[in-house]
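Have a look at the structure below before the remarks.
The values are calculated or read from the model by the stated rules, or taken from the named source; none is laboratory data. Computed from a predicted model, the values in this text were never measured in an experiment. Glycine gets a Cβ as well: all are built from the backbone with ideal geometry, and neighbour counts include every protein chain shown. In case anyone asks, the SASA skips ligands and DNA or RNA and just uses the protein heavy atoms, side chains included. Shrake-Rupley method; radii C 1.70, N 1.55, O 1.52, S 1.80 Å.
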Amino acid sequence: MKGVVKYLKKYTFLIILAITFVVIQAILNLYLPDLMGDIVNKGVSRGNVDYILSVGWKMLFVTLLNVAAAIVSTYFAAKVAMGFGKDLRSHVYKKVMNFSLNEVDKYGVATLINRNTNDITQIQNVIFMMLRMVALAPVMAIGGTIMAISKSPKLTMVLLVSLPIMFVVMYFIVKYSMPLFKSMQKKLDNLNRVLRENLTGVRVIRAFAKTEYEKKRFEVANEDLTSTALKVNRIFALVFPLILLIMNFTIIFLIWIGAIQIDKGTLEVGTMMAVMQYIMQIMFSFIMISVVFIFLPRASASAERVAQVLNEKERIKDVKSPKKLEGMGKVEFKNVTFYYEGGKEPAIENANFEINPGEVVGIIGSSGSGKSTLVKLLMRFYDVTSGEILIDGVNIKELSQKDLRDMISFTPSRPVIFSGTIEENVRIGKEDATEEEIVEALKTAQAWEFVSKLPEGIKTQVSQGGTNLSGGQKQRLAIARGIVGKRKIYIFDDSFSALDFKTDAKLRKELREKLKDATKIIVSLRVATVMNADKIIVLDKGRVVGIGTHKKLMKSCEVYREIVSSQLSEEEIA
Ligand code: ADP
Ligand code: MG
């Protein structure tokens, strides 16, 4: 709980208000049985109607006050709990948005979503409950005991029997349900993960006729959660009858002892009734406290999960006084080696190369050779394990991440399309882009040809994930987004893979012209895409095995020759 409780501080005043009204409510609660005892003793048993009426009005008034206090305190408690939940969600969200890919890899998306929704809901519910009960229960229990003893110490002795029984019962309930609640959270994570994978991969699942298999997988996860939830519910199904039983026995016991005393003339009926109510109140207080004990561990497990995210050390942090860049965007990799978290083999091993401003650089290599890793390092999505990456002679670790990323445009291999219009999707690349600029970018990206044919042009809605677009269309939109803003360096990570050769060639020609002064880094599996680059970097198993023009590499680089001969015919090579 500690990790998140500090965010409650700003609600101190509201918390005090909520608790104050709860205490008022509790005191009014304690007053009612007293009045009732009086009505019976002095009114009913003596046939004094006026007295009954006057105390009756008083009781009605106290009850109304009681309700009002309950409403007011609930209002403040809800305000605190909901406000706190909202704050916490936005803190977690901000934190996660600042995560490097390292941290995202570590947690996984499903649990990050869960932690920011379900877990925070648990915490917020418990805070609400605590605000309502934590003050109410002790005041009622202690006040009730004092009142009951003052009326009839003998009758109050009943508690000595029923409270211990209640304790034992509640102890076992708390003990058995706590671990179940904790494991429910994990199972919910798992269910969400499967659900997410299935929904995003629904087409693949159908294509491979894996629907049955995936259904099973979902059912297993669902079943798992359900069986735990059922266990919890079974326990609770037992709780209420059990508690009622204890309470009813207490009442019987009390009436029995009371009746003997009334018979002897040492006790009045009204007093017995009042004590009975106090004892009920005391027992209810203990139930309330045990309920808090049941939900508290669950919420504290949630709080731990949330705090873990909030306290996650950001591995990629800006230096205190980041340097500014003035140069043209010269990129240098010096002895760069990089291991993914837990990876045994380096994904990039001792890479050394330079990219001059304005150059078109191709990066080629088989799938898994480290091409994407290389550009992600340049974007500082991950930090190098050793060596350094310099831009205009400055280590990228000494730049602010914002400056670095403002300078580089990155178009990932898998285009990310958001729900919204085509225009909005492109605008992500430059917030204040004019419509002309957007159309211009779409034209350069060879996307205008299909966008212009759409009924609503750039105002056409695309669905989340761009499912109403083809792969090539999505890529071209992503490219348009990448080039709409002016940057010093443009990276296209395998962004042309879904384009046909003709579009690919036309696009590269336009990029060369439109982004003349900028450095263009084009990652591809296809020789044709990088062949005309000023410089080609050949990667093999994370190592740079060749740097140079197509011609030079054909002579000197075995790996490159192999890639080329596997893709191009003799005439194309020459
Ligand atoms: P390419 O883009 O050339 O196909 P990548 O740079 O994506 O290759 O991957 C290079 C190597 O690093 C591969 O062996 C891959 O399995 C590994 N790898 C890629 N991403 C991760 C990751 N997030 N965590 C661990 N290993 C990764
Ligand atoms: Mg890749």
Per the list (1) more than 28 Å from Gln124 (Cβ to Cβ); (2) aliphatic (A, V, I, L, M); (3) surrounded by fewer than 14 Cβ atoms within 10 Å (Cβ to Cβ), residue check on Leu230 breaks on (1)
Note to self: Taking the conditions exactly as written (within 16 Å of ligand 2 (Cβ to nearest atom) and within 24 Å of Lys344 (Cβ to Cβ)), does Gly365 satisfy them or not?
What the structure shows: yes
| task | Check segment 196-213 and report whether any residue there is assigned by TED's automatic domain parsing to the domain that holds Val275 and either at positive phi or modelled with pLDDT of 90 or more (or both). | result | yes
When (1) within 16 Å of ligand 2 (Cβ to nearest atom); (2) surrounded by 21 or more Cβ atoms within 10 Å (Cβ to Cβ) are applied to Ser302, the one that fails is (1)
- Query: Taking the condition on the phi > 0 side of the Ramachandran plot, touching a residue at least 60 places away in the same chain (Cβ under 8 Å) and within 16 Å of ligand 2 (Cβ to nearest atom), does Gly542 pass?
  - Reply: yes
Every listed condition ((1) modelled with pLDDT under 90; (2) surrounded by fewer than 19 Cβ atoms within 10 Å (Cβ to Cβ); (3) assigned to a helix (DSSP H, G or I)) holds for Asn468 save (3)
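Take segment 381-418 and flag every residue that is within 16 Å of ligand 2 (Cβ to nearest atom) and open to solvent by less than 20 Å² (accessible area, probe 1.4 Å). It would help to see each step written out before you state the result.
The initial filter retains those residues of segment 381-418 that are within 16 Å of ligand 2 (Cβ to nearest atom), namely 381-382, 410-416.
Result: Tyr382, Thr411.
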| Would you call Tyr93 open to solvent by 50 Å² or more (accessible area, probe 1.4 Å), away from ligand 2 (no atom under 16 Å from the Cβ) and closer than 26 Å to Lys313 by Cβ? | yes
Those helices (runs of 4 or more DSSP H) completely within segment 129-213 that have 2 or more residues that are in contact with a helix residue (DSSP H, G or I) (Cβ under 9 Å, 6 or more places away or on another chain) and touching a residue at least 40 places away in the same chain (Cβ under 8 Å) are 153-156, 158-200
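Which of the strands (runs of 3 or more DSSP E) contained wholly in segment 308-413 include at least 2 residues that are within 16 Å of ligand 1 (Cβ to nearest atom)?
Details: elements: 331-338, 348-355, 360-365, 386-391, 408-411.
Fully inside segment 308-413 and qualifying: 331-338, 348-355, 360-365, 408-411.
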Ile563: passes all of (1) within 16 Å of ligand 2 (Cβ to nearest atom); (2) among the hydrophobic types (A, V, I, L, M, F, W, C); (3) open to solvent by less than 10 Å² (accessible area, probe 1.4 Å) but (3)
